[in-house]
Amino acid sequence: MNQTYVADLSEKVGEEVTLKGWLYNSRSSGKLVFLQLRDGTGIVQCVVFKGNVSENVFEQAAAAGQESSIIVHGKVKEDARSPIGVEIDVTDVEVVQNASDYPITPKEHGTEFLMDNRHLWIRSRKQHAVLRIRHTVIKATRDFFDDNGFILADTPIFTPAACEGTTTLFEVDYFDDNKAYLTQSGQLYNEATAAAFGKSYAFGPTFRAEKSKTRRHLTEFWMVEPEMAYAHLDDVMDLGENLILSIVSRVLDERKEELETLERDVSVLEAIASPFPRIHYDKAVEMLKEGHQKGELENEFEWGGDFGAPDETYLSQQFGKPVFVHHFPAAIKAFYFERDPDRPELALGVDLLAPEGYGEIIGGGERATDLDYLEKQIEEHGLPKESFEWYLDLRRYGSVPHAGFGMGIERCTAWMAGIEHIRETIPFPRMLYRLRP
Ligand code: 4AD
Ligand code: MG
């Protein structure tokens with residue numbers, strides 16, 4: 001293919017190249033037209049001098065509207081003022097399609113408008129930067145597990161029953177009057193694949209029908225879920241910590257420009273280092289009570305409750321790095337958790353809270369191994385036992401201590417990118433009030 005990408009231009013100084021892309025912006029002054037060409041890898045200024053091209057080409061270039069598709073031929077020239085160090089001396093321009101009235105102009109637009117035009121908004125500089133960071137978060141995540149002996153074993157999206165609780169399921173018709181549910185988590189299946197492979201992970205979309213309208217909730221989000229056989233709560237925290245360290249360092253290494261575009265304060269990411277504090281739920285409650293006494297938290301937190309967003313924010317602010325909270329009350333956790341043998345009212349669950357108010361990015365823990373206990377739990381949680389028979393088989397045939405977690409890709413990306421709302425971290429977000437485009 002006869003095409004040079006903007007990202008490769010700095011190695012092509014003095015060469016004739018062909019660039020294929022879209023017109024990000026343009027201006028003209030007398031005998032010159034300045035075309036900002038974007039091709040997905042970057043943006044470069046292409047200078048059309050009237051004397052260097054035919055009159056027809058000059059007029060077309062001058063008249064091309066924002067986001068017209070264009071092909072530019074020209075010579076790569078060093079330019080100290082350019083953010084990428086080069087610009088193009090144009091010899092020819094082809095306007096593939098002339099666009100007019102592009103809806104997203106350089107002026108300010110409201111979020112709703114931009115979200116309605118999400119299919120176009122993703123071409124903008126900041127959105128583009130966020131999604132490139134997402135790419136790196138995913139790549140770093142996959143590499144981390146692949147390099148540490150985990151087998152990718154993806155789990156089904158149509159499932160016959162709940163995993164995280166029954167109130168947050170999307171129901172779908174599944175032939176002959178049967179119902180299926182969109183998965184909330186691949187975890188139960190991961191427990192099966194971990195018993196098959198020792199260490200496994202699933203990575204895919206998951207669905208939550210909770211009617212939360214917060215900056216941290218999507219109804220469809222991507223989750224990576226590792227699971228390890230012969231592993232305990234501490235192993236989960238070690239794994240989560242190493243995963244996060246590896247993501248942070250990859251993003252800092254590979255996405256400098258994007259972080260700059262987003263005006264991300266990278267010093268807070270650079271400060272992320274081992275060890276992450278690991279605090280008991282009891283201790284977290286103590287800290288939250290203190291926060292309330294100091295007037296920094298509106299509501300007084302009671303032992304036994306689940307953290308709200310302000311609680312998570314408060315806790316994470318006390319450390320300036322990610323913090324694990326473990327040993328939650330079993331009563332607020334899913335049916336499958338192992339209990340603390342010394343204090344059976346506690347579940348061996350753990351959350352990782354990201355700093356800067358990004359909240360929970362990892363949730364996981366150690367799974368119950370005992371058949372009788374799980375049968376009772378399934379009954380007490382009002383879950384249909386027949387749907388879980390296969391899961392109980394894992395306790396009948398070679399039950400072992402095992403543990404794992406789930407990390408939400410979008411929450412992690414929002415934190416890396418330093419953006420306010422999770423909706424910008426996925427190309428096409430699905431939320432309580434948004435199913436389009
Ligand atoms: O804490 P959660 O619900 O845990 C589970 O689903 C476990 N079964 C995972 C496991 O142990 N294999 O979800 C895990 C993570 C959260 O920490 C958060 O990062 C993300 O998934 N998450 C969401 N992200 C965006 N929107 C939502 N509505 C989310 N709910 C959870
Ligand atoms: Mg959770």
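Worth pointing out:
- Max mean-square fluctuation residue, GNM over the chain, Cα-Cα springs under 10 Å, options Ala273, Ala347, Ala202: Ala273
- Shape of region 77-134, Cα gyration tensor, a/c cut at 1.5: oblate
- Long pairs among Lys126/Lys199; Lys20/Lys213; Lys12/Lys126; Lys213/Lys256, criterion Cα-Cα beyond 29 Å: Lys126/Lys199; Lys20/Lys213; Lys213/Lys256
- Rough spin-label spacing in nm, given labels placed 7 Å along Cα→Cβ, for Ser82 and Arg343: 6.3 nm
- In this rough spin-label picture, where each label sits 7 Å from Cα along the Cβ direction, the Leu392-Ile151 distance is 2.7 nm.
- Given charges at beta-carbon only (K, R positive; D, E negative), |dipole| of the chain in Debye: 1380 debye
- Most fluctuating residue given options Ile122, Ile151, Ile71, as computed from a GNM of the chain linking Cα atoms under 10 Å: Ile71
- CD proxy at 222 nm, helix term only [per DSSP H run n ≥ 4: -39500 (n - 2.57); per residue of the chain; nearest 500]: -9000 deg cm²/dmol
- Per residue, the accessible area of the chain comes to 48 Å² when a 1.4 Å probe rolls over the protein heavy atoms.
- Percent of Cα-Cα distances greater than 32 Å, calculated over the chain: 48 percent
- Descending semi-axes in whole angstrom, ellipsoid equivalent of region 6-97, from the Cα gyration tensor: 19, 14, 12
- The charge dipole of region 48-145, taken about its Cα centre with unit charges on the Cβ of Lys, Arg, Asp and Glu (plus for the first two, minus for the last two), comes to roughly 620 debye.
- Seen against the Cα atoms of the chain and their longest principal axis, helix 233-254 is set at about 10 degrees.
- Multiplying the residue separation of Ser267 and Thr18 by 0.36 nm and subtracting their alpha-carbon distance yields 85.8 nm.
- Stretching the chain fully between Thr369 and Arg430 yields a gain of 18.4 nm (0.36 nm per residue, less the alpha carbon separation).
- Result for the chain in a Gaussian network model with C-alpha springs under 10 Å: among Ile419, Ile138, Ile104, the largest mean-square fluctuation is at Ile104.
- Computed from the Cβ-Cβ distance with R0 of 30 Å, the FRET efficiency linking Arg278 to Thr214 stands at 0.70.
- The value of relative contact order for region 280-430, using C-alpha pairs under 8 Å at least six residues apart, is 17 percent.
- Candidates per chymotrypsin sites (Phe, Trp or Tyr not before Pro) in region 267-325, loop by DSSP, up to 12 other Cβ within 10 Å: Trp303
- Overall dimensions of region 76-233 by Cα: Rg and Dmax, Å: 22.7, 68
- Here the chain exposes an accessible surface that is 49 percent carbon and sulfur, computed with a 1.4 Å probe and the other protein chains kept in place.
- Across region 118-425, the mean sequence separation of Cα contacts (distance under 8 Å, 6 or more residues apart), normalised by length, yields a relative contact order of 22 percent.
The values are calculated or read from the model by the stated rules, or taken from the named source; none is laboratory data. From a predicted model like this one, the values you see are computed outputs, not experimental measurements. Don't worry about glycine lacking a Cβ; one is built from the backbone with ideal geometry, like all the others, and counts go over all protein chains shown. The protein model used for the area step is the full one, side chains on, heavy atoms only, and it has no ligands, DNA or RNA in it. Shrake-Rupley method; radii C 1.70, N 1.55, O 1.52, S 1.80 Å.
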